[in-house]
Amino acid sequence: MSEKQNVISPTAILEAATALVRRLGEGKTNMVDIGRALGVSHAALYRLFPSKAAVMDAIVQEAMDEEEELAGKWLDAEGPAAERLLHMVLDIHHRKRTRFTGDREIHDLYRRILVERQDMIMAYSQRMTRLIQKLIAQGVDRGEWHVSDVPQAASVVRDAVTAFVHPLLLAQAIEANAPVEDQLRATVATLSRAFEAGVDYSSIRPLGSRSKP
């Protein structure tokens, strides 16, 4: 067993843990079972992951990294920015929807992450916002879109599509049988039309900033 302990890898641990979570759920998955699935003592796992929670966090992080890669491919794709933005959001929506309907135990891991690891959620949001920002910048550089503040426009897009990609909000919409994809397409189309017409964020005053007559 000592030989196996020496060659055990984080990837192998996560693969075994993911399989157990899918079969048993997070609550019934423990480090002893993960070690047994790998043929090693659970003590060997602690050399790479300090706790079961750290393993669960890493499973979700892998899912987040996969989603970032999925979205990022649209930066190098052919086609107008409006079309690529739609496909970027649709890909993430479909991935999360598939996870909710067909990989429920992994989807449910997000529930704890949303509560306990806001740092992971914030980092994920920032990475995805940067991808949106790069795509918008491409649209502006090519003369397809006209916005005065690309980072601000990216934040607007991120907030507008959150309902279609947030694990809990998406789950609620699916359970309510809402026409989520139609709403997603309408939202992205509305944003794209606005960017085509031109958005000058400097002319948008915050609430309460208008001078009194």
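Brief remarks follow.
- For the stretch 116-213, the carbon plus sulfur part of the accessible surface works out to 53%, probe radius 1.4 Å.
- For the stretch 64-165, the set of trypsin sites (Lys or Arg not before Pro) satisfying both a DSSP loop assignment and a count of at most 12 other C-beta atoms within 10 Å is given as Arg142.
- Cα long-axis angle, helix 104-116 against the chain (0 to 90 degrees, to the nearest 10): 70
- Theoretical FRET efficiency, 1/(1+(r/R0)^6), r = Cβ-Cβ of His146 and His166, R0 41 Å, to 0.05: 0.90
- Compactness of the stretch 29-144 - radius of gyration and Dmax, Cα, Å: 18.0, 60
- Loop-exposed GluC sites (Glu not before Pro) per DSSP, neighbour cap 16 Cβ within 10 angstrom, longest uninterrupted part of the chain: 1-77
- Just so you know, the Cα atoms of the stretch 23-76 work out to an Rg and Dmax of 14.7, 45 Å.
- Excluding ligands, DNA and RNA, the accessible surface per residue across the stretch 70-156 is 48 Å² with a 1.4 Å probe.
- Extension gain for the segment His94 to Ala123, taken as residue separation times 0.36 nm less the Cα-Cα distance, is 8.3 nm to one decimal.
- Helix 81-102 vs. the chain, principal-axis angle (Cα, 0 to 90°, nearest 10): 30
- For the residue pairs Lys52/Lys134; Lys52/Lys96; Lys28/Lys96, the C-alpha atoms sit more than 30 angstrom apart in Lys52/Lys134.
- The share of Cα pairs per 10 Å bin across the stretch 105-167, counted from zero up to the longest distance, runs 20, 42, 25, 12, 1 percent.
- Altogether, the Stokes-Einstein calculation at 4 °C and 1.567 mPa s, with the Kirkwood radius of the stretch 92-213 over Cα pairs as Rh, returns a diffusion coefficient of 79 µm²/s.
- Cα pair distances of the chain binned at 10 Å [whole percent]: 7, 28, 27, 20, 11, 5, 1, 0, 0
- Axis angle, to the nearest 10 degrees, between helix 118-141 and the longest C-alpha principal axis of the chain: 40 degrees.
- Qualifying aspartates and glutamates (Cα of each under 20 Å from Cα of Lys73; at least 8 residues distant if same chain): Glu62, Asp65, Glu83, Asp91, Asp141, Glu144
The values are calculated or read from the model by the stated rules, or taken from the named source; none is laboratory data. Remember, it's a predicted structure, so these values are computed and weren't measured experimentally. All Cβ positions, even for glycine, are placed from backbone atoms using ideal geometry, and neighbour counts span all protein chains on display. The area values use the complete protein model at the heavy-atom level, side chains included, leaving out ligands, DNA and RNA. Shrake-Rupley method; radii C 1.70, N 1.55, O 1.52, S 1.80 Å.
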